[in-house]
Amino acid sequence: MLVSTERGAAEIVPVDGDARFYDDVGCMAADWTAHAADARAFVQIDGRGWVDAASAFYAKPEGARTAMGSGVVAFATAADARAAARNGDVSGFDDVVRAAGAHR
């Protein structure tokens, strides 16, 4: 996939295979359960590059525009995510994956 912008970019890296790139964290989260057994997930965080998706914090900032419309943005710290969140809600990776599965 062509990644249109770094903000919101994500990837799944299988143990033995090619990386799958996504231009929206929500899309990667929706695809994660099919790959979780033998892969790692990474997200792009402004100014920090690729970070393990499980160690990031997620929020839906007011007016966030993501490539596929999920509105989910990754942050390095819970405080950063909380400050950006439209209602103060901060999620972990498992929460984002569950929510993406519910919206399929």
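The values are calculated or read from the model by the stated rules, or taken from the named source; none is laboratory data. Being a predicted model, the structure only gives us computed values, none of them experimental. With ideal geometry, Cβ positions are generated from the backbone for all residues, glycine too; neighbour counts draw on all protein chains shown.
Anything in the stretch 43-75 that is over 15 Å from Gly92 (Cβ atoms) and buried (at least 18 other Cβ atoms within 10 Å of the Cβ)? List them, or say none.
The initial filter retains those residues of the stretch 43-75 that are over 15 Å from Gly92 (Cβ atoms), namely 44, 46-50, 61-71.
Answer for the stretch 43-75, where residues must be over 15 Å from Gly92 (Cβ atoms) and buried (at least 18 other Cβ atoms within 10 Å of the Cβ): Gln44, Thr66, Ala67, Ser70, Gly71.
Report yes if Ala19 is crowded, with 21+ Cβ neighbours inside 10 Å, of a type in the set (Gly, Ala, Ser) and in contact with a strand residue (DSSP E or B) (Cβ under 7 Å, 6 or more places away or on another chain), otherwise no.
Values: crowded, with 21+ Cβ neighbours inside 10 Å: no; of a type in the set (Gly, Ala, Ser): yes; in contact with a strand residue (DSSP E or B) (Cβ under 7 Å, 6 or more places away or on another chain): yes.
No; evaluated as a whole, the condition is false for this residue.
Taking Val25 as meeting all but one of (1) touching a residue at least 60 places away in the same chain (Cβ under 8 Å); (2) over 10 Å from the mean Cα position of the chain (by Cα); (3) surrounded by 15 or more Cβ atoms within 10 Å (Cβ to Cβ), write down the number of the exception.
The failed condition is (2).
Inspect the stretch 30-41 for any residue being closer than 16 Å to Val90 by Cα and among the hydrophobic types (A, V, I, L, M, F, W, C) and give the result as yes or no. Explain how you work it out, then say what you get.
At the first step, the residues of the stretch 30-41 found to be closer than 16 Å to Val90 by Cα are none.
No, every residue in the stretch 30-41 fails to be closer than 16 Å to Val90 by Cα and among the hydrophobic types (A, V, I, L, M, F, W, C).
Look through the stretch 51-97, keep the residues that are farther than 15 Å from Ala41 by Cα and assigned to a helix (DSSP H, G or I), and return whichever of them is nearest to the chain's Cα centre (by Cα).
Step by step, filter the stretch 51-97, then rank; the result is Ala81.
Mind checking which residues of the stretch 1-16 are at pLDDT below 90 and surrounded by 15 or more Cβ atoms within 10 Å (Cβ to Cβ)?
Our first condition is that a residue be at pLDDT below 90; within the stretch 1-16, this holds for 1-9, 16.
Result: Val3, Arg7, Gly8, Ala9.
Within the stretch 78-90, is even one residue surrounded by 12 or more Cβ atoms within 10 Å (Cβ to Cβ) and without any contact (Cβ under 8 Å) to a residue 12 or more places away in the chain?
Yes; the residues of the stretch 78-90 include at least one that is surrounded by 12 or more Cβ atoms within 10 Å (Cβ to Cβ) and without any contact (Cβ under 8 Å) to a residue 12 or more places away in the chain.
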